[in-house]
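The values are calculated or read from the model by the stated rules, or taken from the named source; none is laboratory data. Keep in mind that this is a model prediction, so the values were computed, not measured. Positions of Cβ are generated from backbone atoms using ideal geometry, with glycine treated the same way; all protein chains shown enter the neighbour counts.
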Amino acid sequence: MNDDDFLTFKEEDEAEVSLGSELSDYWHLLIVDDDNSVLAVTQLVLKNIEVLGKALKLHTATSAAQAKELLQKDIPFAMALIDVVMETDQAGLDLVHWIRNEHNNQHIRLVLRTGQPGQAPEKEVITNYDINDYREKTELTANKLYTLTCVCLRGYRDIIALYENKKGLETIIKSSNKIFAHQSLDDFTRGILQQLCALFHIDTGSVYSNVNFIAASYGENSSKIIAATGRFNAYLNHSLDDVIEQVGDKSLKELCNQVGQHFGDNYFIGVYESHLGGKNLFFIEGIDKINTLDRQLIEIFGTNIGVAFDNQALYEEVEITQREMIYRMSEAVESRSKETSNHVKRVALTCQFLAKALGLSDNEIEIIYKASPLHDIGKIAIPDHILNKPGKLNAEEWIKMQSHAQIGYDILSSSELTVLRAGATIAGEHHENWDGSGYPNGKKAEEIHIYGRITAIADVFDALVNKRCYKQAWNIEDTMDFITEMSGIKFDPALVELVIKCKDYLMVIQNEYSD
């Protein structure tokens, strides 16, 4: 386990990338008409047109029912030309209603065409149906059809840009409320990328592996890539210096030390002062020219995101400090009883694994992982001659030794920190037995907190397979036999089954952190 690990963005399957790229290379236009001659003429007029750098991909349907089938496929239709009268006198109107209200597609630009304007009066149709234009077939000459198509596709482009903006903002807002939660930086950075793509009008097709993007934090002596996609993906967690030479523009190296937003011919770089003494950087390439409003939005956006990354860095520093303090306290106690610091690491990792296998929430898994090293904190009050006695304790010594559970609880229970309160529960209950024969309070079965039950079996497992001052290390077979015998007596039967099932993985932890 590496505390410095960050999650990279999930790569899509090659087939998905290929399909997404193919679909986004065209403007997909649906022509719905039961007159084959109208279909043929429309296709002929629009066949070789290119709008905003993209060719048209034409799809045809001769009925509303056939159009519905096409619209339910994974094709990003930008525009539809729909005849009013087809299999019924108002089949086109019903199709429009279905698209907007049942299929819930608010993005596609809809144009109704009719050869019988008196049957569906323009004013009534425009008022009652969510369409973008209504034309008589006779008035749509080649030039007017081209103009209409260009206008609709520009409108679709702008709506999609707004939608991508909205999605990016939603992602950021959702992740911002958990910016201080474990591993939220991945979600937050994904939202940043999505928002930047929307601002730059980059059509990602939701396949971010095609977008070349990096986010980094750096100072005078160190730097780290904390998010990466596309051709920079291999540099995640590397030094910023490792990737600069790959960018292909020497200006990036110079711009890294210039705070502000910088726009190149095909890239954007934002460099922001960190309140921690370093800088935060975002770099994205493959962008089109942007307008003044977009630049202003990016400046505001980048500055605020720089602050958010600072907050995340501060949180991680507090997290690391808290975890380090807990380990140091635990190691200090274990060193008095001639144990190594690896004991608390093994118990913590074993508890983490069992909690995850048991189906506890991510938050609970994280809490028990951080708090379980405190299970024997009460031994700080136990005299050395009892703590390190090589032989069996007498009755008076045993009573004194048992007191460490209550002492540990008393030390930690008044804390307002969640991890330390969990540590109090673990310290006070990891010697309680399933059948009620344990100490200090004789709790039984589910009266014992799940944190205490997990730590109890993890602690005993570790104690058995390792050498102690009063015993030699047991082999795994004898250890499993003892744990099995104690099912329903000392240990939660469900946890016993889990330990037996997962013993090989638990031994991996033992071998990795052996004394």
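Just wondering, is there one or more residues in region 482-497 that are of a type in the set (Ser, Thr, Tyr) and touching a Pro at 6+ places or on another chain (Cβ under 6 Å)? Yes.
Restricted to region 121-144, and to residues there that are outside any helix (DSSP H, G or I) and more than 19 Å from Ile49 (Cβ to Cβ), the residue that is modelled with the lowest pLDDT is Pro121. Residue count for region 381-418 under the criterion of being under 24 Å from Ile454 (Cβ atoms) and surrounded by fewer than 22 Cβ atoms within 10 Å (Cβ to Cβ): the result is 15.
Of all the listed residues (Thr149, Thr114), the sole one being surrounded by 13 or more Cβ atoms within 10 Å (Cβ to Cβ) and either in contact with a helix residue (DSSP H, G or I) (Cβ under 6 Å, 6 or more places away or on another chain) or in contact (Cβ under 8 Å) with a residue 60 or more places away in the chain (or both) is Thr149. Scanning region 67-93 for residues that are out of contact with any strand residue (DSSP E or B) (no Cβ under 6 Å at 6 or more places or on another chain) and surrounded by fewer than 16 Cβ atoms within 10 Å (Cβ to Cβ) yields Glu69, Gln72, Lys73, Asp74, Glu87, Thr88, Asp89. Within region 485-497, identify whether any single residue is surrounded by fewer than 19 Cβ atoms within 10 Å (Cβ to Cβ), closer than 26 Å to Leu387 by Cα and at pLDDT 95 or above, and answer yes or no. Scanning region 485-497 turns up at least one residue that is surrounded by fewer than 19 Cβ atoms within 10 Å (Cβ to Cβ), closer than 26 Å to Leu387 by Cα and at pLDDT 95 or above.
For region 329-346, a residue qualifies if it is under 27 Å from Tyr505 (Cα atoms), at pLDDT 70 or above and over 28 Å from the mean Cα position of the chain (by Cα), and the qualifying residues are Asn342, His343, Val344. Report yes if Trp27 is in a helix (DSSP H, G or I) and either of a type in the set (Phe, Trp, Tyr) or modelled with pLDDT of 95 or more (or both), otherwise no. Against the criterion (in a helix (DSSP H, G or I) and either of a type in the set (Phe, Trp, Tyr) or modelled with pLDDT of 95 or more (or both)), Trp27 does not qualify. Any residue at all in region 355-372 that's of a type in the set (Ser, Thr, Tyr), exposed (fewer than 13 other Cβ atoms within 10 Å of the Cβ) and on the phi < 0 side of the Ramachandran plot? Yes, because at least one residue in region 355-372 is of a type in the set (Ser, Thr, Tyr), exposed (fewer than 13 other Cβ atoms within 10 Å of the Cβ) and on the phi < 0 side of the Ramachandran plot.
Among the residues making up region 359-399, those that are assigned to a helix (DSSP H, G or I) and touching a Cys at 6+ places or on another chain (Cβ under 6 Å) are Ile368, Ser372.
For region 93-119, taking the residues that are over 21 Å from Asp74 (Cβ atoms) and of a type in the set (Val, Ile, Thr), the one that is modelled with the lowest pLDDT is identified as Thr114. Restricting region 44-57 to residues that are surrounded by 15 or more Cβ atoms within 10 Å (Cβ to Cβ) and more than 37 Å from the chain's Cα centre (by Cα) leaves a set whose member that is farthest from Leu112 (Cα to Cα) is Ile49.
The listed residues are Val211, Val151, and the only one of them that is at pLDDT below 80, touching a strand residue (DSSP E or B) at 6+ places or on another chain (Cβ under 9 Å) and among the β-branched types (Val, Ile, Thr) turns out to be Val211. Pairs meeting the criteria (first residue in region 375-397 and within 30 Å of Ala422 (Cα to Cα), second residue outside any helix (DSSP H, G or I) and modelled with pLDDT of 90 or more, beta carbons under 6 Å, at least 6 apart or on different chains) are His375/His430. Taking the criterion of being part of a loop (DSSP other than H, G, I, E, B) and either β-branched (Val, Ile, Thr) or in contact with a helix residue (DSSP H, G or I) (Cβ under 7 Å, 6 or more places away or on another chain) (or both), the residues of region 438-463 that qualify are Tyr439, Pro440, Lys443, Ile448, His449. On inspection, Leu354 passes the criterion of being part of a helix (DSSP H, G or I), assigned by TED's automatic domain parsing to the domain that holds Asp459, modelled with pLDDT of 95 or more and hydrophobic (A, V, I, L, M, F, W, C).
If you go through region 33-66 and keep only what is under 15 Å from Leu140 (Cα atoms) and touching a strand residue (DSSP E or B) at 6+ places or on another chain (Cβ under 8 Å), you end up with Asp33, Val38, Leu39, Thr42, Gln43, Leu46.
Of all residues in region 85-105, those satisfying the criterion of being within 29 Å of Ala55 (Cβ to Cβ) and in contact (Cβ under 8 Å) with a residue 40 or more places away in the chain are Met86, Gly92, Leu95.
Inspection of region 421-438 identifies no residue that is crowded, with 17+ Cβ neighbours inside 10 Å, without any contact (Cβ under 8 Å) to a residue 40 or more places away in the chain and farther than 30 Å from Asp384 by Cα.
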